[in-house]
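Asks: Below is one structure. I have some questions about it.
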Amino acid sequence: MGGEQRYGAIEAGGTKWVCAIAGADGTLLARERLPTTTPAETLGRAIAFLRAAGPLTAVGIGCFGPLDLRAGSPTHGFVTTTPKPGWTSVDVLGPIRDALGVPVGFDTDVNAAALGEWRRGAGRGLDAFAYVTVGTGIGAGAIVGGRPLHGLVHPELGHVRVPHDRARDPFEGCCPRHGDCLEGLASGEALRRRWGRPPEQLDEPAAWTLEADYLAAGLLNLICALSPQRVAVGGGVAQRPGLLEAVRARVVELNAGYLAAPELTDASAIESYLVAPALGDRAGVVGAVELARDAAAEAAAAPKDA
């Protein structure tokens, strides 16, 4: 494609979509936020935004899920079993790729955020890095060996099981599939249902001590399973003043000296291990730009038909 390369990016969340245009070096040139409404309306508005930017080299999409990421699957690029009303079995990748006719990189929103932080933020220079979001839901993305982790499906930290002391916390959990999984106990929605008001209006110390305990247990599951060299913890709930500090202290306690790395045994060393995202709330859309850049590079390297 002639002229300067320009990339389209979409951070497709369950509440809002952030659409962006980036230049050849990945610098964001324009952004627009769209509410997540019906699939037809939301996809249509996103496509209109990207078309209005003129010719694009490629597009990257980091999408809420669960997703089908299996190449060759008849539902590759679909949202699958999401609790988001109206979005189950919706094709997100196909309409955007067909409308724009350019290579499209597609991954989970948290894998995209992990990629953005790994290339341009808190994960730079590392071989294994994880990004965790704690907001309306809970999710995690991981970079292992320089690539987003997929495997059988993709990481789903929000649905791991954590200890649930029902005497201390009789709340049944709010996950429609699993009840008291990590997301069901510690997401923003769980906080709202348990305490009767949204997290930003919640000031009871007991609520945040419980939240720190659940998040620390979930993070230790992630750390034991994937052994990331650093973990960035983002999302609206995670921005609560003092929460990350409480989670760090609890992770050290729960580890109980078993994993001997100083980052998990020393109260000061863990400050550079469990960190806030360096990109703040731009991690997802920056990661979507990186998905687009990768898709363009893969298309350029692919053998051309004779």
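Asks: When THR15 is evaluated against the numbered criteria (1) surrounded by fewer than 23 Cβ atoms within 10 Å (Cβ to Cβ); (2) β-branched (Val, Ile, Thr); (3) in contact with a strand residue (DSSP E or B) (Cβ under 7 Å, 6 or more places away or on another chain), which criterion, by number, is the only one it fails?
Replies: (3)
Asks: Quick one: in region 185-222, of everything that is out of contact with any helix residue (DSSP H, G or I) (no Cβ under 8 Å at 6 or more places or on another chain) and surrounded by fewer than 17 Cβ atoms within 10 Å (Cβ to Cβ), which residue is nearest to ARG240 (Cα to Cα)?
Replies: GLU200
Asks: Say whether the condition of being under 27 Å from VAL153 (Cα atoms) and basic (Lys, Arg) is met by at least one residue in region 29-41.
Replies: The answer is no, given that none of the residues of region 29-41 is under 27 Å from VAL153 (Cα atoms) and basic (Lys, Arg).
Asks: Regarding LEU259, is this residue assigned by TED's automatic domain parsing to the domain that holds LEU215 and assigned to a loop (DSSP other than H, G, I, E, B)?
Replies: yes
Asks: While we're here: Give me the residue from region 223-257 that is of a type in the set (Val, Ile, Thr) and closer than 19 Å to ASN111 by Cβ and, out of that set, surrounded by the fewest Cβ atoms within 10 Å (Cβ to Cβ).
Replies: ILE223
Asks: Which of (1) at pLDDT below 95; (2) out of contact with any strand residue (DSSP E or B) (no Cβ under 8 Å at 6 or more places or on another chain) is the odd one out, the single condition ARG124 does not satisfy?
Replies: (1)
Asks: Could you pull out the residue among ARG240, ARG230 that is of a type outside the set (Phe, Trp, Tyr) and in contact with a helix residue (DSSP H, G or I) (Cβ under 7 Å, 6 or more places away or on another chain)?
Replies: Within the list ARG240, ARG230, the selection yields ARG240.
Asks: Residues to consider are GLY105, GLY145, GLY151, GLY101; find the one that is on the phi > 0 side of the Ramachandran plot and not assigned by TED's automatic domain parsing to the domain that holds LEU244.
Replies: From the options GLY105, GLY145, GLY151, GLY101, the qualifying one is GLY101.
Asks: Sticking with this structure for a sec: Inspect region 79-95 for any residue being in contact with a helix residue (DSSP H, G or I) (Cβ under 6 Å, 6 or more places away or on another chain) and assigned to a helix (DSSP H, G or I) and give the result as yes or no.
Replies: Yes, that holds for at least one residue.
The values are calculated or read from the model by the stated rules, or taken from the named source; none is laboratory data. Keep in mind that what you see is a predicted model, and the values were worked out from it rather than measured. Here the Cβ is made from the backbone with ideal geometry for all residues, glycine too, and neighbour counts use every protein chain on show.
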